[in-house]
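Derivation of every value follows stated rules applied to the coordinates shown; laboratory data play no part. Just so we're clear, the structure is a prediction, and the values are computed from it rather than from any experiment. Don't worry about glycine lacking a Cβ; one is built from the backbone with ideal geometry, like all the others, and counts go over all protein chains shown.
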Amino acid sequence: MNRKYFVIGACAVAAIAAYALLRPGPAEEAAQAAPVEGNAMVAIQMPPIDDNAAIGQRIFENTCALCHGTNAVGNEGSGPPLIHVIYEPSHHADEAFQRAVAMGVRSHHWRFGDMPPVVGLTRGDVTMVIAYIREIQRANGIN
């Protein structure tokens, strides 16, 4: 008799866990709610940008947007969106962005090919770009 209740309980827990893992999170819901324009790969909500993030925005738009799209929404055929759960801080820490810019990175999440090193940016510049990206991520439920 106890075994029967254990199996039923285990199935209920598994069903709840599957629902929690498979349901869309805030970022996915936002992406589904807003239309994607041009070659952008995701739709986002843009927060007010100021302080270090505003400096990072200018650097990003002048150096990174060609591949990663305006506001880091990706550019179909060119570079992935950085406003994506793949780039949340627990999976790609700030140092991962620093290393990608300094040394380049081999393609591993997307099929855009390898990212070359970005010449001319200092660690300080990249820190500002990271502040900008993280600001947009937080506004879109990516923490």
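Remarks
- Near Tyr87, once Lys and Arg are set to +1 and Asp and Glu to -1 for all other residues with Cβ below 11 Å from its Cβ, the sum equals -1.
- Gyration tensor (alpha-carbon) shape descriptor, segment 56-102, a/c threshold 1.5: oblate
- Count Lys and Arg as plus one, Asp and Glu as minus one, and take only other residues whose Cβ is under 10 Å from that of Arg134; the net charge is then -2.
- A straight chain from Arg99 to Thr122 at 0.36 nm per residue would run longer than the Cα-Cα distance by 7.1 nm.
- For the peptides 114-120, 82-88, the ranking by packing is 82-88, 114-120, with the highest mean count of neighbouring Cβ atoms within 10 Å listed first.
- Translational diffusion of segment 26-139, estimated by Stokes-Einstein from the Kirkwood radius over alpha carbon pairs at 10 °C in a medium of 1.306 mPa s, is 113 µm² per second.
- Modelled FRET efficiency - R0 30 Å, Phe112 with Met46, Cβ distances, 0.05 increments: 0.80
- Think of segment 26-139 as a dipole: +1 on every Lys or Arg Cβ, -1 on every Asp or Glu Cβ, centred on the Cα centre; then among Gly113, Val126, Ala53, Gly113 lies furthest on the positive end.
- Residues whose amide H falls under 5 Å from that of Asn140, counting only those 5 or more places apart or on a different chain, are absent, with hydrogens built in the peptide plane.
- Applied to segment 124-131, the Karplus parametrisation 6.51 cos²θ - 1.76 cosθ + 1.60 on θ = phi - 60° returns per-residue 3J(HN,Hα) values of x, 4, 5, 4, 5, 4, 4, 4 Hz, with x for Gly and Pro.
- Karplus-derived 3J(HN,Hα), 6.51/-1.76/1.60, for each residue of segment 40-53, Hz, glycine and proline x: 4, 9, 9, 9, 9, 9, 8, x, x, 10, 8, 6, 4, 5
- Residues with amide H under 5 Å from that of Val105, placed H, sequence gap 5 or more: Met115
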